[in-house]
1. Suppose we filter Asn140, Asn158, Asn188 for residues that are at pLDDT 90 or above and surrounded by 16 or more Cβ atoms within 10 Å (Cβ to Cβ); which single one remains?
2. Scan Asp296, Asp361, Asp303 and give me the residue that is under 22 Å from Asn251 (Cα atoms), at pLDDT 80 or above and open to solvent by 40 Å² or more (accessible area, probe 1.4 Å).
3. On the given criteria, is Glu100 at pLDDT below 85, of a type in the set (Asp, Glu), more than 20 Å from Asn166 (Cα to Cα) and open to solvent by less than 50 Å² (accessible area, probe 1.4 Å)?
4. Report the residue count in the range 323-345 for those that are at pLDDT 85 or above and either more than 33 Å from the chain's Cα centre (by Cα) or among the β-branched types (Val, Ile, Thr) (or both).
5. Residues that are touching an Asp or Glu at 6+ places or on another chain (Cβ under 7 Å), at least 1 per element: which strands (runs of 3 or more DSSP E) completely within the range 135-186 meet that?
6. So, restricting to strands (runs of 3 or more DSSP E) that lie completely within the range 292-372, which ones have at least 2 residues that are of a type outside the set (A, V, I, L, M)?
Amino acid sequence: MITAVIYMARKIRFGLELKDGYRASDNIDEIRDHFDYAKIVEYFLNGKLEKWLDDRHYEAEVIALSFLKPDAPDFKEKLCYIFKVDSKSIDADKIMIEDEITIKKREFIRQYTSDEDVLGNIESVATTQEELEMLYKRKNKVIYLCGRDLSISPKYENVKYVGLGNVTVKIECETKINFDKMNIKFSNVKIDKTYLILPEIVEINLTSVTEKKPSVEVIEELFSKIVNIHRDNNDNILKNYEEINDLITKNEETIIFLHESKSRKGEHWNKLFVITNNSVYMRDCTSGSKRILYDDIRLVDRDLHIYYGKEAMKSVDDSLIARKNKSKVSLFLNVMAEICSGTYFKLTADEKNILKGVYLDSTNCTVLDLIK
């Protein structure tokens, strides 16, 4: 005869922590005697209260709980009635509403972390974009992210983002950001792939090499290696352009490049283009002479349209700079303008490759290194 012994798995019951830390583990009287309205509401919302009662076979109370609605005006009275507690002794209407939102948020966050420090500091957790904007306004230095469709704004510096669960965020920008410079840090946070394909910005900063403008030696080498085109005899040509010659002398400038456009018969067309260590000079038969400081240049496009000041623009004629050389001259002028103004310059991939391959002996680095 074979005797089979069947062991029944013992169901482990959990307790409910109530007033003054008392843990109710056996019967409903413990809940009544140590009633804590806020905690009972929390257990009701997260389902633990119903499970506790069901494990102890309080069927009537479980059914009664199933009919309760947290947003009903008589919710407090009905909840207290189930446990035979006087609802008039509890002044918790406002607390209940606040606790309900907080409790639901905490239970949502609990799905992604068991860290009690985080669960006890859920006001620093953003589960929606609205909550994230609120944390920005509060100037939180550490922001926990727990949710989808969250967008990070790079205009808020000195922030550490900590992801709870599998968090992917979008970055609100048109170009890549120097997070290290802005002291923006990420922990357990993925960046949306749309950010990864954004163009980079290379900073052209005067302080990269010196606190002053580059020396004439550096500028001459820069022009020679980026542009590398023939320049005319400066002394002889400038004698015919007294106004420009006087300005260059007065401002103590050094000529880097000069070219004059002549007629077929060798007569002067009064077209002149000069690059110095501080500025660009242009002279034509219609608008006369013009000096443009590098500091004032906003952009020089590949066709050598020079945009300067607020709205002004000057074009360099094909007779002064051949079309095949215009892109090289424009790159040099943009680099000089940004070095002198200390602003930002967006480089294309081709331009980066050009500057990466230009090594300056006068600075012992490439142009790309110089402007980083």
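1. On the way: Asn158 fails: surrounded by 16 or more Cβ atoms within 10 Å (Cβ to Cβ); Asn188 fails: surrounded by 16 or more Cβ atoms within 10 Å (Cβ to Cβ).
Just one listed residue meets the conditions, Asn140.
2. Numbers: Asp361 fails: under 22 Å from Asn251 (Cα atoms); Asp303 fails: under 22 Å from Asn251 (Cα atoms).
Every option except Asp296 fails the conditions.
3. Details: at pLDDT below 85: yes; of a type in the set (Asp, Glu): yes; more than 20 Å from Asn166 (Cα to Cα): yes; open to solvent by less than 50 Å² (accessible area, probe 1.4 Å): yes.
Criteria met by Glu100.
4. Residues flagged as at pLDDT 85 or above and either more than 33 Å from the chain's Cα centre (by Cα) or among the β-branched types (Val, Ile, Thr) (or both) within the range 323-345 amount to 6.
5. Details: elements: 142-145, 150-152, 159-171.
The qualifying strands (runs of 3 or more DSSP E) are 150-152, 159-171.
6. On the way: elements: 297-300, 305-308, 312-315.
Counting at least 2 such residues, we get 305-308, 312-315.
The values are calculated or read from the model by the stated rules, or taken from the named source; none is laboratory data. Just so it is clear, the structure is predicted and the values come from calculations on it, not from any experiment. Cβ coordinates were reconstructed from backbone atoms using ideal geometry, including for glycine residues, and neighbour counts include every protein chain displayed. In case anyone asks, the SASA skips ligands and DNA or RNA and just uses the protein heavy atoms, side chains included. Shrake-Rupley method; radii C 1.70, N 1.55, O 1.52, S 1.80 Å.
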